[in-house]
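Notes to accompany the following structure.
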Amino acid sequence: MSKAGSVPGDEPIPLWLLAELTYACPLQCPYCSNPVDFARHKDTLTTSDWIDVLQQARALGAAQLGFSGGEPLARRDLSDLIGEGRRLGYYTNLLTSGVGLGEARLKALKKAGLDHIQISFQASSKELNDFLGGASSFDHKLKMARLIKAYGYPMVLNVVIHRRNIDEIAHILEMAIALEADYVELASTQYYGWALINRDQLLPSRHQVARAEAIARRYQERLVGRMRIFYVVPDYHENRPKACMGGWGNVFLTVTPDGTALPCQAAGQIPGLIFPNVKQASMEWIWRDSPAFNQFRGLDWMKEPCRSCPERLKDFGGCRCQAYQLSGDATAADPVCELSADHRHVVDAVDRADEAVAHGHTEPPPLLFRNAKNSAALDG
């Protein structure tokens, strides 16, 4: 079986390493990509374990290093890990809610050599931001965003977009302008983990997506040369899938808090795959030889219509996790694709969103927020 993600015969390299340092988080976002059973994940890698991971991944060719969670600031050794990343030659990126950050902590991160900070907001208004995050954080986020800019970092804002905030797109971008943002990622919700549970409350309507796309385009044209705005139409509103993570096991490698290695953040949900742990296997074996990382590399695993599709080298059949979630078969075509036999599941979900928005059904059923109590209940 070919190990190539794009062109058969090429050797894939884990250029992007995502270190999910912890599932602990002060926020309770109902669209969180963390596993819904995160409460049962107790064992976490030590500082020395993580340093070993960084060293081994760098030897494999990893160049971009992202620190995420949960909230990575919950790790007291974050500066030490950033320092090791700098020593090894990574470009380091902190993906944070900003909660737990202050000037003293920011100075320490800067001194350790952190290259980049992406701070997330839930909305452009305090009321909605704090509701969606499950905690009072908006004012602190504003303060930290300004402080990050003052310390010479590019201002990078991330806002996860869904039905509850998509109509605020213009206000979100005006907030970004006020904060002198350099980059804004309007990240359409990906329906995994907690977001999948809340999909019928979060999925926007067709009209909302079309309007948001038009507004984002106008701001992109208006702010060219001043601010880069990234907005990608949600998967469920497309007719063809995207090349998820650049292809399974092609350029992206995630290591979870307990050391499980994954080709994407959501892959652990696929039954029948045993994902290796960095405490029991080398990163080289995990990346190059483990059955799980080779499961969907290349083209040999594909069924029709993917096998004969002229776009198979472009989209690699789409997302394996989404295929499993919507069809029950991880080898099936991503149901986002209009050629998939399961495409109706996507169409039906968007139809329900259209109806809910048209009739103002935004409250019932209630959102299920990400927290330890809900996680334990779902796991039980």
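The values are calculated or read from the model by the stated rules, or taken from the named source; none is laboratory data. Quick caveat: nothing in here was measured; it's all calculated off a predicted structure. All Cβ positions, even for glycine, are placed from backbone atoms using ideal geometry, and neighbour counts span all protein chains on display. These area figures cover heavy atoms from the full protein model, side chains too; ligands, DNA and RNA do not enter into them. Shrake-Rupley method; radii C 1.70, N 1.55, O 1.52, S 1.80 Å.
For segment 190-275, which semi-axes, largest first and in whole Å, follow from the square roots of 5 times the eigenvalues of its Cα gyration tensor?
Listed largest to smallest, the semi-axes of segment 190-275 are 30, 18, 12 Å.
Hey, got the Cα dimensions of segment 29-181 along the principal axes, in Å, largest first?
Per principal axis, max minus min of the Cα coordinates gives 45, 39, 28 Å.
Under a straight-distance cross-link criterion of Cα-Cα below 27 Å, which lysines are reachable from Lys42, leaving out those fewer than 8 residues away in the same chain?
List returned: Lys279, Lys373.
Explain nothing, just the number: relative contact order of the chain, from Cα pairs under 8 Å at least 6 residues apart, as a whole percent.
Reported as a whole number, the value is 22 percent.
Using all Cα-Cα distances in the chain, what percent lands in each 20 angstrom bin from 0 up to the longest?
Reading the bins upward from 0: 27, 61, 11.
When ligands, DNA and RNA are left out and all protein chains stay put, how many square angstrom of accessible area per residue does segment 215-299 have with a 1.4 Å probe?
44 Å²
What lysines does Lys303 reach when the alpha-carbon gap must be under 24 Å and sequence neighbours fewer than 8 apart in one chain are set aside?
Straight-distance partners of Lys303: Lys3, Lys242, Lys314.
So, counting K/R as plus one and D/E as minus one, what does the shell of residues with Cβ under 9 Å around Phe138 add up to? Each step should come with its number before you reach the end.
Working: positive: Lys126, Lys141; negative: Glu127, Asp130, Asp139.
Here the charged neighbours net out to -1.
Modelled label-to-label distance, Asp289 and Ile177, 7 Å Cα→beta-carbon offset: nm?
My value for the distance between the label points is 5.7 nm.
At a 1.4 Å probe, what is the % contribution of carbon and sulfur to the accessible area of segment 1-104?
Details: 2190 of 4220 Å².
Carbon-and-sulfur percentage of accessible area, whole number: 52.
Say each of Asp200 and Thr331 gets a label point 7 Å from the Cα, pointing the same way as Cα to Cβ; how far apart are those two points in nm?
3.2 nm
Which residues' amide hydrogens lie under 5 Å from the amide hydrogen of Ile117, considering only partners 5 or more residues apart or on another chain, with H built in the peptide plane?
Correct list: Leu94.
What longest region of the chain stays clear of trypsin sites (Lys or Arg not before Pro) that DSSP places outside H, G, I, E and B and that have at most 14 other Cβ atoms within 10 Å?
Details: sites that count: Lys42, Arg76, Arg226, Lys279, Lys303, Arg307.
The reported range is 77-225.
Please list, or write none, the lysines whose alpha carbon is within less than 29 Å of the alpha carbon of Lys107, excluding same-chain residues fewer than 8 places away.
Straight-distance partners of Lys107: Lys126, Lys141, Lys143, Lys149.
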